[in-house]
Amino acid sequence: MKFLCLSCDEVMAFAERQLPGDGTLTAIFTCPACKREMALLTNPMETQLVTSLGVEIGGRTVPQQPMQQTRMGLDSPLEEAFEAPVSRDLGRGGDRAPRESAQLRSRNGQTHLCRLCHGARDPRDHPRGHGSGA
Amino acid sequence: VDGTETDIDGEAAGESRKVRGYAEVSHETGSELLEQVLGQRARVSARLGTIGAIVAIASGKGGVGKSAVTANLAVSLSRRGARVGVLDADLNGPSLGRMLGLLGSRLVDGPSGVVPPAGAAGVLGISTELLLREDAPLRWKGPHADRFVWLGVTEAAVLREFLSDVVWGELDYLLVDIPPGTDKIGRFLDLVPDPAGVLVVTTPSEVALSVVSRSVAMLREAGVESIGVVGNMSGYASPGAVQPLPLFSGDGIRRLTESTGLELWAEIPFDPGMGARTDGGEPPGGSDDSLFGKAFQALADRVERGVGGREAAP
């Protein structure tokens, strides 16, 4: 989602996020040229949709906890599902170099991501049909 | 809107002006939404970098025994020395926590993610069954009105976290049990576009045939190259039987392989005793020379040859 200042033909820049606490969200954008401001207001359902994507408008202020959306989103969580943090990952090779098959998979994924980065085409144009919806 | 300049009607009839479209303007809005989404994808790729082969077990049809096939295949591969993880993508109807003997196990917060518990035959597993209170249905916090708008996005995010935030470590195989519905196959392929293989589970039932055929078509459209058919409940195996007895009147397994040209990787008979062991958290896999055991030995052989998880190991 982008906002274009029609007077200046400039992309408006994110300036501020406000969370009133009632499930709504306010995001303020400013035109870098004429300084005109506008506010994006979302209702609770729209706010939830953004939250479900695992993103925060304006960027994250604190790093996300592993499985944060799962933990925070469950309505009936098992309280004792997680043990206290440990200082290591039980030696399961998390720092090892990727294997060849994984590198190939990763390269294919990166190609897919680059298309998104450049925004030159719709991600759904992937020849194998994998749209990301991003 | 076609992504290029857009006509906007002016106030006076017949007037219009050109406005740059989405693809024509910079992504640098400062909202960092796309950057965050790309970061999520990058974390999935990084996490899966130490996995030899990701194998999906899918069908499109419910009730054909995907989860039981997944659990028994995982145990079979693990007993052969492979390092195996199982991801239960059936968020709303999870059963692999129970089948792999993981119930009561706890997830451990580590510095680089959540360490999954090990169950039957040392198979690692993650399932919403480990996260939910017993008998609680899967429900997500959020506004109740128009829940359908955000529910699918939320579940896709959870599946992404199961891939990216779980410390799978170095595995030969990660088996992913895909829930019923061809849309769920698509959701998985969005996250893992290039699985090493997909096992399509069906039964002799004619009803299953029509649904599973659609799933095969979807997988082929997505470019999945290695697809094997697993004919589950292909017969009834009573204890000590040499040959399985007919269980269904249909001939859907044979017709599926003929109509799709896919290879039948295994036919698995229904064995009540083996089923009970699987439900009890001790899937036997290919541990003995029963008809059921031989079927899983054959399937594990075929998976090792077909998707190369262990062969790819350094």
Study note, to complete from the structure: For B:I185, the lone unmet condition from (1) out of contact with any Lys or Arg (no Cβ under 6 Å at 6 or more places or on another chain); (2) touching a residue at least 60 places away in the same chain (Cβ under 8 Å); (3) not in a helix (DSSP H, G or I) is (3)
**Study point:** Residue list for the stretch B:70-121, restricted to those being surrounded by fewer than 24 Cβ atoms within 10 Å (Cβ to Cβ), of a type in the set (G, A, S) and more than 23 Å from A:E83 (Cα to Cα)
**Key:** B:G81, B:A82, B:G93
Study note, to complete from the structure: Within the stretch A:1-27, the count of residues that are within 11 Å of another protein chain (Cβ to nearest Cβ) and closer than 26 Å to A:M45 by Cβ comes to 13
Practice item. State whether one or more residues within the stretch B:35-52 are more than 8 Å from every other protein chain (Cβ to nearest Cβ) and at positive phi. Key: no
Review point. Taking the stretch B:158-182 on its own, how many of its residues are touching a helix residue (DSSP H, G or I) at 6+ places or on another chain (Cβ under 7 Å) and within 13 Å of A:Q68 (Cβ to Cβ)?
Key: 4
Exercise for review: Can you confirm whether the stretch B:54-76 contains a residue that is at positive phi and at pLDDT 95 or above?
Suggested key: yes
Review point. Within the bounds of the stretch B:203-224, is there any residue that is in contact with a Phe, Trp or Tyr (Cβ under 8 Å, 6 or more places away or on another chain) and not in a loop (DSSP other than H, G, I, E, B)?
Key: no
Practice item. Run down B:Y173, B:Y236 and say which single residue is within 25 Å of B:G275 (Cβ to Cβ), among the aromatic types (F, W, Y), surrounded by fewer than 18 Cβ atoms within 10 Å (Cβ to Cβ) and modelled with pLDDT of 90 or more. Key: B:Y236
Exercise for review: Return yes when B:P195 is within 19 Å of B:S67 (Cα to Cα), free of Cβ contacts under 8 Å to residues at least 60 places away in the same chain and not in a helix (DSSP H, G or I) and no when it is not.
Suggested key: no
Review point. Do we have any residue at all in the stretch A:59-67 that's within 11 Å of chain B (Cβ to nearest Cβ), touching a residue at least 12 places away in the same chain (Cβ under 8 Å) and surrounded by 19 or more Cβ atoms within 10 Å (Cβ to Cβ)?
Key: no
Review point. In this structure, is B:V229 touching a residue at least 60 places away in the same chain (Cβ under 8 Å) and either in a strand (DSSP E or B) or within 29 Å of B:G273 (Cβ to Cβ) (or both)?
Key: no
Check your understanding: Looking at B:E129, B:E161, which one is at negative phi, in contact with a Ser or Thr (Cβ under 6 Å, 6 or more places away or on another chain) and buried (at least 22 other Cβ atoms within 10 Å of the Cβ)?
Key -> B:E161
Check your understanding: Which numbered condition trips up A:F29, out of (1) assigned to a strand (DSSP E or B); (2) surrounded by 13 or more Cβ atoms within 10 Å (Cβ to Cβ); (3) without any contact (Cβ under 8 Å) to a residue 24 or more places away in the chain?
Key -> (3)
Revision key, fill the gap. The one condition A:T70 fails out of (1) under 20 Å from B:G39 (Cα atoms); (2) at pLDDT 90 or above; (3) surrounded by fewer than 19 Cβ atoms within 10 Å (Cβ to Cβ) is (3)
Exercise for review: Look at A:R36 and say whether it is more than 8 Å from every other protein chain (Cβ to nearest Cβ) and either at pLDDT 90 or above or crowded, with 16+ Cβ neighbours inside 10 Å (or both).
Suggested key: yes
Revision key, fill the gap. The condition from (1) at pLDDT below 95; (2) buried (at least 22 other Cβ atoms within 10 Å of the Cβ); (3) more than 8 Å from every other protein chain (Cβ to nearest Cβ) that B:L124 misses is numbered (1)
**Study point:** Segments classed as strands (runs of 3 or more DSSP E), wholly inside the stretch B:63-122, with at least 2 members that are within 30 Å of B:V211 (Cβ to Cβ) and in contact (Cβ under 8 Å) with a residue 60 or more places away in the chain
**Key:** B:84-88
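The values are calculated or read from the model by the stated rules, or taken from the named source; none is laboratory data. All figures in this text were calculated on a predicted structure; none of them were measured in a lab. Here the Cβ is made from the backbone with ideal geometry for all residues, glycine too, and neighbour counts use every protein chain on show.
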